[in-house]
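Since the structure comes first, as structure tokens, the remarks are kept for the end.
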Amino acid sequence: MARARVIAAGETNVGMKRSHNEDNFLINEELNLYVVADGMGGHNGGEYASAICVNTVEEIVENMELGDAVPVEEDDPVDLVREKLRYALRLSGRRIYEKAAESPEFHGMGTTAVALLIDAGNAFVAHVGDSRLYLVREDTVQQVTEDHSFVARQVKAGALTEEQAKSHRMRNVIYRSLGYQEDVEVDVQVLALRKGDRFLLCSDGLSGHLEEFEIFDHLKNHAPQEASRRMIDLACERGGDDNITVVVALVDEVP
Ligand code: CA
């Protein structure tokens with residue numbers, strides 16, 4: 001099947017408060033693969049973990065034969081791509097875990113991640129932790145990923161409002177990430193693409209400073225590169241508490 005045409009851009013910024021940037025991102029136009037990873041851990045553990053993640057996801061998506069190491073019931077191409085992407089994130093978690101176990105300086109490192117793989121007429125969205133994917137479609141904006149965080153759980157249970165969650169002292173506590181355990185559950189969703197869809201992948205350094213309607217406005221009114229730059233500038237203006245990473249992908253043509 002023909003491939004979707006995607007116009008993408010991304011940028012990362014250390015922000016205003018941190019001394020170094022532990023985020024990493026990937027734009028691979030050949031594969032139509034986009035990843036944002038937000039690392040954590042002392043010394044250089046954070047950036048090392050997020051780099052292992054983006055490199056591993058790219059390596060697996062590029063090189064692994066469908067169905068190779070992925071047990072799937074049938075030869076359904078959608079199933080195969082979904083399980084391959086899930087496997088890529090799980091393997092990156094295992095590699096980070098193993099590296100951390102080997103070297104004391106990397107002990108306790110980990111990363112959150114969100115990955116978007118566009119294949120034929122579908123968008124495959126995988127994530128662990130609180131890195132997010134938003135979809136702007138026609139006149140709506142939707143947060144597609146659900147944070148694996150303490151406050152997201154509380155909001156879902158009705159114990160906190162969205163507003164309270166934003167300033168909650170435990171807003172940075174996540175219960176799932178790559179590298180802290182040998183294996184981790186990865187959420188993968190499949191969406192049917194529509195021409196004109198705009199995706200934003202971002203670390204919490206961005207989503208913590210921008211409202212959903214602002215994300216909508218930027219993605220709707222600017223080309224991916226310009227939207228990325230403006231959103232990063234805005235997050236910095238508002239304090240830039242954390243590293244800020246964005247990738248914007250615009251679906252220009254659907255097969
Ligand atoms: Ca972060």
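The values are calculated or read from the model by the stated rules, or taken from the named source; none is laboratory data. Note that the structure is predicted; figures quoted are calculated from it, not measured. Glycine also receives a Cβ, built like all others from the backbone with ideal geometry; neighbour counts cover every protein chain displayed. Side chains are part of the model used for accessible areas, which takes the heavy atoms of the whole protein and leaves out ligands, DNA and RNA. Shrake-Rupley method; radii C 1.70, N 1.55, O 1.52, S 1.80 Å.
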Query raised in the report: Assuming Val155 fulfils every condition listed in (1) among the β-branched types (Val, Ile, Thr); (2) part of a strand (DSSP E or B); (3) open to solvent by 10 Å² or more (accessible area, probe 1.4 Å) apart from one, which condition is it?
Result: (2)
Query raised in the report: Across the stretch 22-44, what is the number of residues that are more than 17 Å from Ser207 (Cβ to Cβ) and outside any strand (DSSP E or B)?
Result: 8
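Conditions tested, residue by residue: (1) open to solvent by 10 Å² or more (accessible area, probe 1.4 Å); (2) farther than 25 Å from Val6 by Cβ; (3) in contact with a His (Cβ under 7 Å, 6 or more places away or on another chain); (4) within 16 Å of the ligand (Cβ to nearest atom).
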site	(1), (2), (3), (4)
Gly46	no, yes, no, yes
Glu58	yes, no, no, no
Glu105	yes, yes, yes, no
Gly108	yes, yes, no, yes
Query raised in the report: What pairs can you find where one residue is in the stretch 125-149 and within 12 Å of Thr112 (Cα to Cα), the other is more than 16 Å from the ligand (Cβ to nearest atom) and open to solvent by 20 Å² or more (accessible area, probe 1.4 Å), and their Cβ atoms are less than 7 Å apart, with a gap of 6+ or different chains?
Result: Ala126/Arg86; Ala126/Asp187; Ala126/Val188; His127/Asp187; Arg132/Gln143
Query - Failed condition for Leu201, given (1) surrounded by fewer than 22 Cβ atoms within 10 Å (Cβ to Cβ); (2) closer than 30 Å to Arg95 by Cβ - result: (1)
Requested in this report: Kindly indicate which of Val251, Val246 is under 18 Å from Val14 (Cα atoms) and part of a strand (DSSP E or B).
Outcome: Val246
Query raised in the report: If you go through the stretch 171-184 one residue at a time, how many are out of contact with any His (no Cβ under 9 Å at 6 or more places or on another chain), open to solvent by 50 Å² or more (accessible area, probe 1.4 Å) and either within 16 Å of the ligand (Cβ to nearest atom) or free of Cβ contacts under 8 Å to residues at least 12 places away in the same chain (or both)?
Result: 4
